[in-house]
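Read-outs throughout are calculated quantities, based only on the coordinates presented, and are distinct from any laboratory measurement. From a predicted model like this one, the values you see are computed outputs, not experimental measurements. Cβ sites come from the backbone with ideal geometry, for glycine too, and all protein chains shown count toward neighbours.
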Amino acid sequence: MQQPDAQFERAYVQYLPAVSGYLVRRVPHQSVEDLAADVFAIAWRKRASVAPGEELPWLYRIAANVVANHRRREASGSALLASLRPADPSPSAEDIVVADASLAAAWRRLRPAEREVLALALVEELAPAELAVALGVSVNAATIRVHRAKKRLHELLERTAGPAT
């Protein structure tokens, strides 16, 4: 029984920085530590369901659900408290693309699912197999989603900036 606990502890130490980085790009900085704890608490309870070698994308999937739940709680909270929250100095996935105004405009016009798949593939640098685990789909479906999201971003860029000459 000691061996699974040690394996989980090693996974925690190894993947906490990546999970925290994922969270930093999606939620206010002051929420990261608590949400990371939530991610690993869920992972601990469900640790028997992860396949060896798929720990990080599995943790990203849990983190995506934790972020979604956090955002729902935030949205149902007081609007006044949300407006008084200081700006988060950590860049979100969206902030990374803001350097180019046309790219930023196109990024904002993507559907949330398209932004998430592109952020996982390009910002988090997940391989197709890892992306599939994070999204809960097959490798083929994950690859198709990335391709379609890139294509849609390209189309939105052309519409926003006009065709390249």
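Quick notes
- Neighbour-count ranking [beta-carbon atoms within 10 angstrom, fewest first] of Asp38, Asp5: Asp5, Asp38
- Within the range 121-141, backbone nitrogen closer than 20 Å to the virtual label 7 Å beyond the Cα of Gln7 toward Cβ: 130, 133-134
- Sequence of Tyr12, Tyr60, Tyr22 once ranked by neighbouring C-beta atoms within 10 Å, starting from the fewest: Tyr12, Tyr60, Tyr22
- Potential lengthening between Leu122 and Glu155 on full extension [0.36 nm per residue; Cα-Cα distance subtracted]: 10.1 nm
- Highest to lowest packing among 113-119, 15-21, scored as the average C-beta count within 10 Å: 113-119, 15-21
- Least to most buried among Phe40, Phe8 (fewest other Cβ within 10 Å first): Phe8, Phe40
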